[in-house]
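Structure first, then comments.
The values are calculated or read from the model by the stated rules, or taken from the named source; none is laboratory data. If you're wondering where the values come from, they're calculated on a predicted model, not measured in any experiment. Ideal geometry is used to build each Cβ from the backbone, glycine not excepted, and the neighbour counts take in all protein chains shown.
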Amino acid sequence: MERQYKPERINRIIFKISGEILAGKSKFGINMDKVDYLIEEILSVKKLGFSIGVVLGGGNIFRGASEIGDKLQRFTADNIGMLATVQNALILDDQLKQKNYRAEVFSAIQLDKVAKFYTPSRAETSLNEGKICFFCAGTGNPFFTTDTAAVLRAIELKADIVFKGTKVDGVYTADPQKDKTAKLLKNITYAETINKQLKVMDMTAFSLAREHNMPIKVFNVLKQGNFEKALLNDEVGTFVHE
């Protein structure tokens, strides 16, 4: 039986954004127009009264699978990638504060001069105070992606759902950029996702979400207003659930 998406049951959201989104068309570095765009997407949902935590990737600044990364030990490359996510979080945090919105950056590694060290209780307090919270440095450990960090934070902070902002409209039956016959799926279970070998998140993140029954909604964050639409409308994006 298909489980219906019910936005009225959602209060707290973890929003996962890849670093590449921040780079814009250049695919590297920071595009401030794209930063402003993402901030407006976040604020459109925040203004509706939702509690929001944001997990950012760092691929726009450093990728382990790169010419430099290939010459480094994996844990070193991953540590550099974690620092890249801190930079991204600080930029969005600064821009929100310049707009007079309350925000807080929490890092999974200790960087006391620039961010609070993440603990669930500290983050819970800030979220309850109405702040938009950025969770950076991944899980604080190498070999784990920011997808896994997003699911982990959602579980720890008792979020209702993880929203994953991507460059496509949701989960397809195949890669839509390679297969023109690929069909968009609106509603799918964890089991169906595994059986059909569909790509939602990396397997560690996905397994963690499935084990703790943390629903995921995948949507196209590059379409203006789509974060709010995906949150309020079951027809936008793909709802992945038990």
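At a glance:
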{"item": "Residue satisfying all of: in segment 31-72; modelled with pLDDT under 95 and outside any loop (DSSP other than H, G, I, E, B); surrounded by the most Cβ atoms within 10 Å (Cβ to Cβ) among these", "result": "Gly69"}
{"item": "Residues of segment 197-214 satisfying the condition of being part of a loop (DSSP other than H, G, I, E, B) and either over 23 Å from Ala182 (Cβ atoms) or free of Cβ contacts under 8 Å to residues at least 12 places away in the same chain (or both)", "result": "Gln197, His212, Asn213, Met214"}
{"item": "Single match in Gln98, Gln87 (criterion: farther than 11 Å from Cys136 by Cα and either without any contact (Cβ under 8 Å) to a residue 40 or more places away in the chain or out of contact with any Gly (no Cβ under 7 Å at 6 or more places or on another chain) (or both))", "result": "Gln98"}
{"item": "Matching residues, segment 1-21, being in a helix (DSSP H, G or I), in contact (Cβ under 8 Å) with a residue 12 or more places away in the chain, closer than 19 Å to Glu228 by Cα and out of contact with any strand residue (DSSP E or B) (no Cβ under 7 Å at 6 or more places or on another chain)", "result": "Pro7, Arg9"}
{"item": "Candidate set from segment 169-187 (those that are among the hydrophobic types (A, V, I, L, M, F, W, C) and out of contact with any Asp or Glu (no Cβ under 9 Å at 6 or more places or on another chain)); member that is farthest from Ser207 (Cα to Cα)", "result": "Ala174"}
{"item": "Conditions (1) in contact (Cβ under 8 Å) with a residue 40 or more places away in the chain; (2) over 18 Å from the mean Cα position of the chain (by Cα): number failed by Lys25", "result": "(1)"}
{"item": "Residues of segment 133-180 classified as β-branched (Val, Ile, Thr), farther than 23 Å from Ala23 by Cβ and modelled with pLDDT under 95, total", "result": "1"}
{"item": "Enumeration of residues in segment 215-233 that are closer than 21 Å to Pro176 by Cα and surrounded by fewer than 16 Cβ atoms within 10 Å (Cβ to Cβ)", "result": "Lys223, Gln224"}
{"item": "When residues of segment 168-190 are limited to those that are aliphatic (A, V, I, L, M) and in contact with a Pro (Cβ under 9 Å, 6 or more places away or on another chain), the one surrounded by the most Cβ atoms within 10 Å (Cβ to Cβ)", "result": "Val168"}
{"item": "Residue pairs meeting the criteria (Cβ under 6 Å; at least 6 apart or on separate chains; first free of Cβ contacts under 8 Å to residues at least 40 places away in the same chain, in segment 148-159; second surrounded by fewer than 18 Cβ atoms within 10 Å (Cβ to Cβ))", "result": "Glu156/Pro120"}
{"item": "Asp93 buried (at least 20 other Cβ atoms within 10 Å of the Cβ) and either out of contact with any helix residue (DSSP H, G or I) (no Cβ under 6 Å at 6 or more places or on another chain) or on the phi > 0 side of the Ramachandran plot (or both)", "result": "yes"}
{"item": "Considering residues of segment 191-213 that are modelled with pLDDT of 95 or more and among the charged types (D, E, K, R) only, the residue surrounded by the fewest Cβ atoms within 10 Å (Cβ to Cβ)", "result": "Glu211"}
{"item": "Test: residue in segment 122-138 that is surrounded by fewer than 20 Cβ atoms within 10 Å (Cβ to Cβ) and touching a helix residue (DSSP H, G or I) at 6+ places or on another chain (Cβ under 6 Å)", "result": "no"}
